[in-house]
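What follows is a set of notes on a single structure, which appears directly below.
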Amino acid sequence: MVIIKAPLSIRIIYWFSNIVLGLITIVFLAIIVFNILLYTDFFGNDMQLHTLLPVKVDFLEKGNLHLNNQDIQVELVEASTRIHFFNTPNFITKKVGLALLVVVPFGVGLTWLFRTFIKNVKNGETFTVKNITLLQKLAYTLVGLWLFTVIYMRIFYYYIAKNLEFEQVLITDEIPNYSGILFTALFIWVLAHIFIAGVKLQEEQDLTI
Amino acid sequence: MAVIVNLDVMLAKRKMSLTELSAGVGITMSNLSILKKGKAKAIRFSTLDKICEVLDCQPGELLEYSGDQH
């Protein structure tokens, strides 16, 4: 039996996904510990929380662009940003901790599914029913992640971002819908269906004597 | 499948084993077994050619249309 070595790109992606899976698992364990400490009031109200604002902010800042020995006047008008809480109240930190406890397992799951898929491809098992199931699970997990992100960001907006007040900047109300995640899920789902056709062709090829 | 492969019948007629046929046509035992059990989805002309040559028969003697389709 001739053993064909997988292409270098596949082997690199496989090793990379192994490293990412290891790191994200460590992050997940750290988040579990973090949540335990949060719920035992270890941090009190002293957490210095940095969190992403789900909406963009409007502001006006004049500046210069140095290009081709020219000074071009520009204005900064919109930006994505984070907010920093000084001594975050425990009830806010707990909610963020809980959100992390939900979102990181999605990351672990996605990386594990992707790693298993790449491992199968690396071993020459590309058009198999096993891989179709993996691709479908990847797509459904991505849809789950998208749903959670959209709901969480909306809650965050109405609960916190909407009530923020600054002197110089204006918080917009355009909450992103994270359609990129949904389109990726759709693409993977379509890919799973292409793989179903591939499996049928592979089976026909294998059973042609 | 409505088409039946009469490989076992032809092997019996020629008093030949599957191993001998495998060596004669250069096709693995597992592939010939798939063909014999009627699990094959298709058969190449080159395969049919080799089997007919070794068994000294016509393709019509190997393949038979039974009529009842599943």
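The values are calculated or read from the model by the stated rules, or taken from the named source; none is laboratory data. Keep in mind that this is a model prediction, so the values were computed, not measured. Using ideal geometry, Cβ is built from the backbone for each residue, glycine included, and neighbour counts are taken over all protein chains shown. Note: accessible area is taken over every heavy atom of the protein model, side chains too, but ligands, DNA and RNA are not part of it. Shrake-Rupley method; radii C 1.70, N 1.55, O 1.52, S 1.80 Å.
Cα centroid separation, the stretch A:146-160 to the stretch A:33-104: 15 Å.
Between A:ILE32 and A:ASN120, residue separation times 0.36 nm minus the direct Cα-Cα distance comes to 28.6 nm.
Could you give the nm distance between label points at A:LEU76 and B:ALA42, where each point is 7 Å from its Cα heading toward the beta carbon? Reported label-point gap for A:LEU76 and B:ALA42 is 6.3 nm. Determine, from the Cβ-Cβ distance of A:ILE151 and A:LYS130 and an R0 of 30 Å, the FRET efficiency 1/(1 + (r/R0)^6), rounded to the nearest 0.05. Plugging the Cβ-Cβ distance into 1/(1 + (r/R0)^6) gives 0.40. For the set A:LEU145, A:LEU170, A:LEU65, solvent exposure ranked by accessible area (probe 1.4 Å, protein chains only) runs largest to smallest as A:LEU170, A:LEU65, A:LEU145. Once a ≥ b ≥ c are taken as the square roots of the eigenvalues of the Cα gyration tensor of the stretch A:154-204, is the result rounded (a/c under 1.5), prolate (a/b larger than b/c) or oblate (a/b not larger than b/c)? Prolate is the answer for the stretch A:154-204, as a/c is 1.5 or above and a/b outweighs b/c. Taking θ as phi - 60° and the Karplus parameters 6.51, -1.76 and 1.60, the scalar couplings of the stretch B:10-24 work out to 5, 5, 5, 4, 8, 6, 10, 8, 5, 5, 5, 5, 4, 5, x Hz in sequence order, x denoting glycine and proline. On the basis of the beta-carbon distance and an R0 of 22 Å, A:ILE12 and A:THR184 show a calculated FRET efficiency of 0.55. Adding -39500 (n - 2.57) for every DSSP H run of four residues or longer, then dividing by how many residues chain A holds, sets the calculated 222 nm ellipticity at -21500 deg cm²/dmol.
Under 5 Å between amide hydrogens, built in the peptide plane, is the criterion, and for A:GLU78 it picks out A:PHE59 among residues at least 5 positions away or on other chains. Of the chymotrypsin sites (Phe, Trp or Tyr not before Pro) found in the stretch A:90-168, the ones in coil according to DSSP and having at most 13 other Cβ atoms within 10 Å of their Cβ are A:PHE166. Each of A:THR128, A:THR172 has its accessible area taken with a 1.4 Å probe; listed largest first, they run A:THR128, A:THR172. Across all directions, the average projected area of the convex hull around the alpha carbons of chain A is 18.1 nm². Chain B against chain A buries an accessible area of about 800 Å², both chains summed, 1.4 Å probe radius. Spin-label model, A:GLU204/A:GLU167: points 7 Å from Cα along the beta carbon direction are separated by 7.3 nm.
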